[in-house]
Amino acid sequence: MREIQLLDRLLDVIEYDIVPKTRSEVVTGSKVFGAAVLRRADLSLVLAETNHEAWTSPTQAHCRDGLHFEEMMALFAENTWP
């Protein structure tokens, strides 16, 4: 039963948290990519983020080839972690 709950939650997070953010960034020229972090205990959303390639600069220290990776975006986001 726990596996079904996990799958349902993952699909909800993709549909309602990751895809909307990704859709808005793809319009600006970013590639399709997103990620989320959930709490293990209750599967609550900690963070959902997407690729922000369109507004990055290759000279930024936290970029590789001009791309922000979602893990790095999570670390730089304000008020990300409770």
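What to note about this one:
- Tally of residues being exposed (fewer than 11 other Cβ atoms within 10 Å of the Cβ) and out of contact with any Leu (no Cβ under 8 Å at 6 or more places or on another chain) across segment 1-27: 8
- Odd one out for Ala54 among (1) at pLDDT below 90; (2) not in a helix (DSSP H, G or I): (2)
The values are calculated or read from the model by the stated rules, or taken from the named source; none is laboratory data. Worth saying up front: this structure is predicted, and the values here are computed from it rather than measured. Neighbour counts run over all protein chains shown; Cβ positions are idealised from the backbone, glycine included.
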